[in-house]
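A quick write-up on the structure given underneath.
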Amino acid sequence: MKKFTSKSKEDTAKIACEWLASLDTSGKDALVVGLYGNLGSGKTTFTQAVAKEMGVKDIVNSPTFVIEKIYETKHPHFIRLIHIDAYRLEKGRELQDLNFEELINNPHNLILIEWPENVKEILPANTKKIAFTFIDENIREIEVQ
Ligand SMILES: Nc1ncnc2c1ncn2[C@@H]1O[C@H](COP(=O)(O)OP(=O)(O)OP(=O)(O)O)[C@@H](O)[C@H]1O
Ligand SMILES: [Mg+2]
C-alpha cells in the first residue's frame, strides 16, 4: 500500500501516470482495478489521466448512464482501457450482462471500476484497489495497492 497526498488535479494526474508505468503486464487475465471513494473524490479525474497517458484521444467522462465505456489505446500492452461506473448498479449480475466475463479474460484489457463495492460479488479475487479520500476542496488522499 502506497499513500499519496494530491494537492491538485495535476498532482492526481501525475500519480495516475506513475501508477500506470508501474503496472505488472505479465498477468494471464485482465488487470482489474477498483476505484473506491465518495462522490467527487477523484476517481474519474484519475481515470482521465490514465486514458490520456495511454494515448486515448476521446473525451473520458463518468459513464454513469452507459455503465461501461471501452477505449482503444496506444499502450504497448493494455490495448483497451475499460472504464466502468457501477454507481447505478445494485448487483454484479448487471455487469455480467455487459460481457464482463469476456473482458476479464483478456490480458490486454485494463479495467477501472468506479463504485466497485456495488458489484463486489463478481470482482476477480486479484482485483487491485485504489482508495480516494476527499480531504478538502483541493486535497485528496490516494492509497494505491
Ligand atoms: N487533488 C485533486 N485531485 C482530483 N480532483 C480534484 C482535486 N482537487 C480538486 N479536484 C476536483 O474534484 C473533482 C473530482 O471529480 P471526479 O469526477 O474525478 O470524482 P469521482 O470520484 O469520479 O466522483 P463520482 O463518484 O461522482 O463519479 C473534480 O471537479 C476535480 O477538478
Ligand atoms: Mg466519477
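The values are calculated or read from the model by the stated rules, or taken from the named source; none is laboratory data. Here the structure is a predicted model, which is why all the values come from computation and not from measurement. Every residue, glycine among them, receives a Cβ derived from its backbone with ideal geometry; neighbour counts consider all protein chains shown.
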Segments classed as strands (runs of 3 or more DSSP E), wholly inside the range 20-128, with at least 3 members that are hydrophobic (A, V, I, L, M, F, W, C) and touching a strand residue (DSSP E or B) at 6+ places or on another chain (Cβ under 8 Å): 31-36, 80-85, 109-114
Inside the range 95-115, can you point out the residues that are over 18 Å from Leu35 (Cβ atoms) and in contact (Cβ under 8 Å) with a residue 24 or more places away in the chain? Gln96, Asn105, Asn106, Pro107, His108
If Thr73 meets every condition in (1) buried (at least 19 other Cβ atoms within 10 Å of the Cβ); (2) within 16 Å of ligand 2 (Cβ to nearest atom); (3) not small (Gly, Ala, Ser) apart from one, which number is that one? (2)
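This table checks each residue for (1) among the hydrophobic types (A, V, I, L, M, F, W, C); (2) at pLDDT 95 or above; (3) surrounded by fewer than 20 Cβ atoms within 10 Å (Cβ to Cβ).
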position: Lys7; (1), (2), (3): no, yes, yes
position: Asp11; (1), (2), (3): no, yes, yes
position: Leu23; (1), (2), (3): yes, yes, yes
position: Ser26; (1), (2), (3): no, yes, yes
position: Val33; (1), (2), (3): yes, yes, no
position: Gly42; (1), (2), (3): no, yes, no
Among the numbered criteria (1) in contact with a Leu (Cβ under 9 Å, 6 or more places away or on another chain); (2) over 17 Å from Ala13 (Cβ atoms); (3) within 14 Å of ligand 2 (Cβ to nearest atom), which single criterion is violated by Pro63? (1)
Working carefully through the options Glu102, Glu90, Glu72, find the one that is at pLDDT below 95, away from ligand 1 (no atom under 15 Å from the Cβ) and over 25 Å from Val144 (Cβ atoms). Glu90
